[in-house]
Amino acid sequence: MDAVISELPKFLSGFQMTLILAVTSGALSLILGIILAAMRVAPFASLRGFATIYVETVRNTPLTLVFVFFVFVLPTLGIILPLGKVPAIIALTVYTSAFICEAVRSGINSVGIGQAEAARAIGLRTSQTLSLVIIPQAVRTVIPPIINVLIALTKNTSVAAGFTVVELTSTGRRLSLNHPDQVIPILLGVAAFYLLITIPAGLIAGAVERKVVFAR
């Protein structure tokens, strides 16, 4: 454990970058995912078609390929992104939003159709029906699966290690090379930092799920 203690500042720096990637991508994914979910249930075929193609394409594409697209392919098309965390945040957002969309859409579909019909009967537009009637009711049931998606996002930030972003996994790899006799303690240290994020999030998801079941 000597290497973990002596290199603690580097661990904390990598942990900070992982938090930045997870929190920023998570917030952006929630926004984009909700927009996509609204498009998937919209009465306009063009919106439904675009959202469906987006979600199904991204969900069935490995995250590494999404990273490759934003880090290496876009520059060949003349779109230059700042090096470092920006392409990683975009890639994680694009990927995670597809899963957020499906979680939200399942919640929307769980709301009785009579709610939407009643909203239309009193003159609400489609956007108002979704934002004021449907989504608020759906939120209670989709919070646990959304938290699970965000936990997966936290672990997926490790993919950024292969694309010049110095986060936890990248930090662990570099320290393992510098301290080859203490690889196992270093990897355990990396795992412990991930658990600092995922365990509390899992406990929150379980508590919310129990509350939802009780409310029903």
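The values are calculated or read from the model by the stated rules, or taken from the named source; none is laboratory data. Note that the coordinates shown come from a computational prediction; the quantities given were computed from them, not determined experimentally. Methodologically, a virtual Cβ is constructed for each residue, glycine included, from the backbone with ideal geometry; neighbour enumeration extends over all protein chains shown. Ligands, DNA and RNA are stripped out before the accessible areas are found, and what is left, the full protein with its side chains, is counted by its heavy atoms. Shrake-Rupley method; radii C 1.70, N 1.55, O 1.52, S 1.80 Å.
For this structure, a couple of remarks:
- Odd one out for Asp181 among (1) more than 28 Å from Val68 (Cβ to Cβ); (2) within 20 Å of the chain's Cα centre (by Cα); (3) among the charged types (D, E, K, R): (2)
- Residue count, segment 69-85 (criterion: β-branched (Val, Ile, Thr) and surrounded by 15 or more Cβ atoms within 10 Å (Cβ to Cβ)): 1
- Pairs, first over 18 Å from Ile31 (Cα atoms) in segment 70-99, second in a helix (DSSP H, G or I) and open to solvent by less than 20 Å² (accessible area, probe 1.4 Å), C-beta under 6 Å, six or more apart: Phe70/Pro87; Phe70/Ala91; Val71/Pro87; Leu81/Pro87
One line per residue, one yes/no per condition, for (1) touching a Pro at 6+ places or on another chain (Cβ under 9 Å); (2) under 18 Å from Leu150 (Cα atoms); (3) in a helix (DSSP H, G or I):
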residue	(1), (2), (3)
Val4	yes, no, yes
Leu28	no, yes, yes
Gly33	no, yes, yes
Ser46	no, no, yes
Val55	no, yes, yes
Pro75	no, no, yes
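- Meets criteria (out of contact with any strand residue (DSSP E or B) (no Cβ under 7 Å at 6 or more places or on another chain), under 18 Å from Gly33 (Cα atoms) and in contact (Cβ under 8 Å) with a residue 40 or more places away in the chain) for Ile143: yes
Okay, residues lined up against (1) open to solvent by less than 70 Å² (accessible area, probe 1.4 Å); (2) among the hydrophobic types (A, V, I, L, M, F, W, C); (3) on the phi > 0 side of the Ramachandran plot:
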residue: Leu12; (1), (2), (3): no, yes, no
residue: Phe15; (1), (2), (3): yes, yes, no
residue: Leu28; (1), (2), (3): no, yes, no
residue: Ala42; (1), (2), (3): yes, yes, no
residue: Leu47; (1), (2), (3): yes, yes, no
residue: Thr61; (1), (2), (3): yes, no, no
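- Looking across segment 22-52, the residues that are free of Cβ contacts under 8 Å to residues at least 12 places away in the same chain and farther than 23 Å from Gln137 by Cα come down to Val23, Ala45, Ser46, Gly49, Phe50.
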